[in-house]
Amino acid sequence: MFESDNYDVIVAGGGPAGATTAALVAAAGHRVLLVERDLFPRFKIGESLMPECGSTLQRLGVKEKLQASHFPKKYSVQFFGASGKGSAPFYFTETQCTEHPQTWQVVRSEFDQLLVDNAREKGVEVHFETALKDVLFEGDRAVGVEVKQGGATHRLGARVVVDATGLNSLLARRFNLREVDAKLRNASIFTHFKGGMRDAGIDEGATLVLHTRDRDAWFWYIPQPDDVVSVGVVAPVEELINPENKRPPQELFDDYLSRCEGLKPKLAKATQMAPVQVLKDFTYRSSRRAGDGWILVGDAYGFIDPLYSTGVYLALKSGEFAADAILDGLALGDLSGEQLSRFEPMFRRGMEAMRKLVHAFYDKDFSIAKFLEKYPERRDDIVQILVGNVFHDQVDDIFVPMSEMVDLPTAWA
């Protein structure tokens, strides 16, 4: 049963974005309810964190717990070309523009549980197995939610409704806000292996990005605790999810693996632990982040191709920005769409920088190695994006010289 009929803030969705927003608002003394459709802990893909997650995790008060956890420490990203040859690793310590040169490869079920538990410790009322059915409006202003719990429907009031329900975002669908990047319509097939080869020392926890022979797909290779690695292939959605293609996902996965020279030796003695799963990886964003009394965070607002492990980072930062906008709005008595979206321009600029670097990667005539041969002074700019340092005015500077070598997107179409 709910503790109240009315809250300052109701957050729908218990992933990193929702848990972050809820925790920061509740820590300031406001009444916050978080409802989550699933029962935690639950499986989730997207295990690799960007270093700049550290700033939000530190503010939440959980960074020390992560540092003491069994999660592998991640110091770098390394790219492997079509021949199987690896680049020099991009170490996060190369740039002085981060206070967090090390991050983690997490087990998402444990990581997400940690964030929800932290929110509860800060005063958030948490209800699992509680589904958002509707957002209630008076005119153009959101005033509460309708949720279903245990077969019963409840109508609850709120000064702000936070939609953190991921791809299913009720508000993005209601207002037809979703804009999809037509050139980044990909999907992934993924599973976990035990006994995969790892490098030694500081490179043991690195994220690896590996091209197939003809560069028509790429694999991620993400170390996990207990000698486990997360492995997934990303390719155009019509290749992996096609009603006319009768090949089962496992067969497709094995076919792509046979054409990934850099990955085959790493899995030669490994054992697949579970059946493969398939997931759409469309890149999208919402044309609007907030309205009067409501705001979108995490995947409910947008998602960038998994190439650079941006998912959890954008979720955490969007949750943090949303919390700050809400807290300022509560103090001012202004919970208008303009107030709640005041960090949107900065967030869009950072998200757009990540999308541009993803577009460059998918161009078969472009490589970061060739770009840095011509512009070696831009290596720090690349590392800053890989770190996640993208929310600043100079983040676009690198794309001026890069646009001389590759076509970069200018609009979402």
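Give me the number: length gained by fully extending Arg348 to Asn176, i.e. 0.36 nm times residue separation minus the C-alpha to C-alpha distance, one decimal in nm. Walk me through the intermediate numbers first.
Numbers: separation 172, 0.36 × 172 = 61.92 nm, distance 1.84 nm.
Separation in residues times 0.36 nm, less the Cα-Cα distance, equals 60.1 nm.
Note down the magnitude of the dipole of the chain about its Cα centre, charges +1 on Lys and Arg C-beta and -1 on Asp and Glu C-beta and zero elsewhere, to the nearest 20 debye. Don't skip to the end; give the middle numbers.
On the way: 48 positive and 59 negative charges, 142 e Å.
Dipole size: approximately 680 debye.
Provide the convex hull volume over Cα atoms per residue for the chain, in Å³. All intermediate terms of the calculation are to be shown ahead of the outcome.
Numbers: hull volume 60.2 nm³, N = 413.
Dividing the Cα hull volume of the chain by its residue count gives 146 Å³.
Could you compute the longest span of the chain free of GluC sites (Glu not before Pro) located in DSSP loops and having at most 14 other Cβ atoms within 10 Å, not counting the site residues?
Details: sites that count: Glu3, Glu99, Glu129, Glu204, Glu244, Glu404.
Of all site-free stretches, the longest is 245-403.
In the chain, what percentage of the DSSP-assigned beta bridges are antiparallel, given to the nearest 5?
Details: 53 of 73 bridges.
Antiparallel bridges: around 75 percent, rounded to the nearest 5.
Any idea what log10 I(q)/I(0) is at q = 0.12, 0.23 Å⁻¹ for region 186-280, Debye with uniform C-alpha scatterers and no solvent?
-0.35, -1.22
Which values of log₁₀ I(q)/I(0), to two decimal places, follow from the Debye formula for region 44-189 at q = 0.14, 0.19, 0.21 Å⁻¹ with a uniform point scatterer at every Cα?
Values returned for q = 0.14, 0.19, 0.21 Å⁻¹ are -0.99, -1.26, -1.32.
Calculate the dipole size of region 16-55 relative to its Cα centre from +1 charges on Lys and Arg beta carbons and -1 charges on Asp and Glu beta carbons; express the result in debye to the nearest 20. Intermediate values should be presented prior to the final figure.
Working: 4 positive and 4 negative charges, 35 e Å.
It works out to roughly 180 debye.
Using only the Cα atoms of region 1-128, each taken as one equal point scatterer with no solvent, compute I(q) by the Debye sum, divide by I(0), and report log10 of the ratio at q = 0.12 Å⁻¹.
Log-scaled intensity ratios, in q order: -0.54.
Once you put a point 7 Å from the Cα of Leu136 and another 7 Å from the Cα of Gln96, both along the Cβ direction, what distance in nm separates them?
Label at Leu136, label at Gln96, 5.6 nm between them.
Once the Cα gyration tensor of region 356-413 is found, what semi-axes does its equivalent ellipsoid get, as square roots of 5 times the eigenvalues, in whole Å, sorted largest first? All intermediate terms of the calculation are to be shown ahead of the outcome.
Values: eigenvalues 54, 49, 20 Å².
Working through the eigenvalues yields semi-axes of 16, 16, 10 Å.
Measuring from centroid to centroid over Cα atoms, what is the spacing of region 368-413 and region 119-152 in Å?
Each part's Cα centre sits 41 Å from the other's.
Could you pull out the longest piece of the chain with no exposed loop trypsin sites (Lys or Arg not before Pro) in it, calling a site exposed if DSSP puts it outside H, G, I, E, B and it has at most 12 other Cβ atoms within 10 Å?
Working: sites that count: Lys85, Lys246, Lys269, Lys364.
Longest gap between qualifying sites, sites excluded: 86-245.
Along its three principal axes, how long is region 256-402 when you only count alpha carbons? Whole Å, largest extent first please.
Reported extents, whole Å, longest axis first: 60, 44, 21.
Give the whole-number value, in cubic angstrom per residue, of the convex hull volume spanned by the C-alpha atoms of region 9-83. Please report the intermediate quantities before stating the final value.
Numbers: hull volume 10.6 nm³, N = 75.
Dividing the Cα hull volume of region 9-83 by its residues yields 141 Å³.
At most 16 other Cβ atoms within 10 Å and a DSSP loop assignment: could you name the chymotrypsin sites (Phe, Trp or Tyr not before Pro) in region 142-233 that fit?
Details: sites: Phe175, Phe190, Phe193, Trp218, Phe219, Trp220, Tyr221; in loops: Phe175.
The qualifying sites are Phe175.
Among Lys269/Lys356; Lys73/Lys269; Lys44/Lys133; Lys65/Lys133, which pairs are too far apart, with a Cα-Cα distance over 31 Å?
Details: Lys269/Lys356 37 Å; Lys73/Lys269 23 Å; Lys44/Lys133 22 Å; Lys65/Lys133 35 Å.
Distance filter (> 31 Å) returns Lys269/Lys356; Lys65/Lys133.
Run the numbers on region 261-413 and let me know its relative contact order in percent, using alpha-carbon pairs under 8 Å that are six or more apart. Working shown, then result.
Details: 132 pairs, mean separation 31.2, N = 153.
Computed value for region 261-413: 20 percent relative contact order.
With +1 assigned to the C-beta of every Lys and Arg and -1 to the C-beta of every Asp and Glu, and no other charges, what is the dipole magnitude of region 186-280 about the Cα centre in debye, to the nearest 20?
On the way: 11 positive and 14 negative charges, 24 e Å.
It comes to approximately 120 debye.
Alpha carbon centre of region 210-267 versus region 86-117: separation in Å?
If you average the Cα positions of each part, the centres end up 23 Å apart.
Count charges around Ile202 for me, please; just the other residues with Cβ under 12 Å from its Cβ, Lys/Arg as +1, Asp/Glu as -1. Mind dumping the intermediate values first?
Values: positive: Lys73, Lys74, Arg198; negative: Asp199, Asp203, Glu204.
My count for the surroundings of Ile202 gives 0.
Values quoted throughout were computed directly from the atomic coordinates according to the rules given, and no laboratory measurement underlies them. Predicted model only: the values in this text are computed from it and were never measured. Every residue, glycine among them, receives a Cβ derived from its backbone with ideal geometry; neighbour counts consider all protein chains shown.
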